[in-house]
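Only one structure is covered here, and it is reproduced in the block below.
The values are calculated or read from the model by the stated rules, or taken from the named source; none is laboratory data. Predicted model only: the values in this text are computed from it and were never measured. Ideal geometry is used to build each Cβ from the backbone, glycine not excepted, and the neighbour counts take in all protein chains shown.
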């Protein structure tokens, strides 16, 4: 009797181990399939801008199917999103891909606040993706309703990417009512509501934002925006100076130094990206480091 009991116990134990081994093999096979799907370049087409296989996307919508690998998938997708966001010059397809990666990551780990904040800031650098940036921030706000940073960066994006000063001021006002918000936010909100889309005013608004940000990755994005706005400020100043020069001489300046020699400008400012300001035939001034102007500060 003792031997039969021991045999049954042994069989039950062996059956449990077999079941666990089968489950482990199934999970490993699923993980391998997903990683393989993600690395296939054929998936990087415009109709699948996320660059990931449909299998991983479907699993993110039903996290219970991740078979205990939910955190692993979240970390894997977030690392891929960081790689995409780290590109100095992102294409529209890469912005789309970043947005989809952030969406999948949030499906797996909705309480992780860093992807919302950093991903939203990077998306907001593209005016064509500013609405997607706001969608990322809004999702983060739903998961973290007491965190002032989400309405704060919604206001930042509305102002600097969309030029919507009233919407920006209201979002900043919402941030002021949440615990832990900086003391300067009420004044910032009122200035956004009252000031137009002028590069000089924008730079004054950016300075306290950069000072308060203690995350190095987000601060780098903000500092990049400061350089972009500085270029826009300088180009607008050059454009006005060229018009004054035309009125005085009847011709366009051949070089920027002509504006200084004519007493129109006190000097030529340094290009903040380490490049140079150049003047083309006809008097158009550009930066050799910035290919596109910031639309939010252009006349509408």
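The set of residues from the stretch 176-188 being buried (at least 18 other Cβ atoms within 10 Å of the Cβ) and part of a helix (DSSP H, G or I) comprises 176, 185, 188.
Name the one entry in 211, 191, 218, 224 that is part of a helix (DSSP H, G or I), within 22 Å of residue 137 (Cβ to Cβ) and free of Cβ contacts under 8 Å to residues at least 12 places away in the same chain.
211
Restricting the stretch 240-252 to residues that are over 37 Å from the mean Cα position of the chain (by Cα) and in a helix (DSSP H, G or I), which is surrounded by the fewest Cβ atoms within 10 Å (Cβ to Cβ)?
First, pick out the residues of the stretch 240-252 that are over 37 Å from the mean Cα position of the chain (by Cα): 244-252.
Those left that are additionally in a helix (DSSP H, G or I): 244-249.
On the way: 244: 15, 245: 19, 246: 13, 247: 8, 248: 11, 249: 11.
Filtering first and then ranking leaves 247.
Among all positions in the stretch 155-173, there is at least one residue which is at pLDDT 85 or above, within 18 Å of the chain's Cα centre (by Cα) and on the phi > 0 side of the Ramachandran plot.
Residue 117 - would you say it is within 20 Å of residue 181 (Cα to Cα), in contact (Cβ under 8 Å) with a residue 60 or more places away in the chain, crowded, with 19+ Cβ neighbours inside 10 Å and in contact with a helix residue (DSSP H, G or I) (Cβ under 9 Å, 6 or more places away or on another chain)? First the steps, then the outcome.
Details: within 20 Å of residue 181 (Cα to Cα): yes; in contact (Cβ under 8 Å) with a residue 60 or more places away in the chain: yes; crowded, with 19+ Cβ neighbours inside 10 Å: yes; in contact with a helix residue (DSSP H, G or I) (Cβ under 9 Å, 6 or more places away or on another chain): yes.
Answer is yes for this residue.
None of 98, 123, 162 is out of contact with any strand residue (DSSP E or B) (no Cβ under 6 Å at 6 or more places or on another chain), part of a loop (DSSP other than H, G, I, E, B) and buried (at least 18 other Cβ atoms within 10 Å of the Cβ) except 162.
So in the stretch 195-205, with the set limited to residues that are in a helix (DSSP H, G or I) and in contact (Cβ under 8 Å) with a residue 24 or more places away in the chain, which one is surrounded by the most Cβ atoms within 10 Å (Cβ to Cβ)?
The initial filter retains those residues of the stretch 195-205 that are in a helix (DSSP H, G or I), namely 199-205.
Filter once more, keeping what is in contact (Cβ under 8 Å) with a residue 24 or more places away in the chain: 199-200, 202-203, 205.
Values: 199: 20, 200: 13, 202: 25, 203: 15, 205: 19.
The qualifying residue surrounded by the most Cβ atoms within 10 Å (Cβ to Cβ) is 202.
Would you please name the residue that is modelled with the lowest pLDDT, looking only at residues in the stretch 64-88 that are in contact with a helix residue (DSSP H, G or I) (Cβ under 7 Å, 6 or more places away or on another chain) and within 13 Å of residue 112 (Cβ to Cβ)? Top of the filtered list is 70.
When 260, 210, 231 are screened for being out of contact with any strand residue (DSSP E or B) (no Cβ under 7 Å at 6 or more places or on another chain) and at pLDDT 90 or above, only 260 passes.
Suppose the filter is within 26 Å of residue 270 (Cα to Cα), touching a helix residue (DSSP H, G or I) at 6+ places or on another chain (Cβ under 8 Å), part of a helix (DSSP H, G or I) and without any contact (Cβ under 8 Å) to a residue 40 or more places away in the chain; does residue 173 pass it? No. For residue 255, the conditions (1) over 15 Å from residue 293 (Cβ atoms); (2) without any contact (Cβ under 8 Å) to a residue 40 or more places away in the chain; (3) in a helix (DSSP H, G or I) all hold with the exception of (3).
Looking at the stretch 212-259, which of its residues are touching a helix residue (DSSP H, G or I) at 6+ places or on another chain (Cβ under 8 Å) and under 12 Å from residue 284 (Cα atoms)? Once the filter is applied, which keeps residues that are touching a helix residue (DSSP H, G or I) at 6+ places or on another chain (Cβ under 8 Å) and under 12 Å from residue 284 (Cα atoms), the stretch 212-259 yields 236, 238, 241, 242, 252, 253, 256. Only one entry in 57, 134 is modelled with pLDDT of 90 or more and in contact with a helix residue (DSSP H, G or I) (Cβ under 8 Å, 6 or more places away or on another chain), namely 134.
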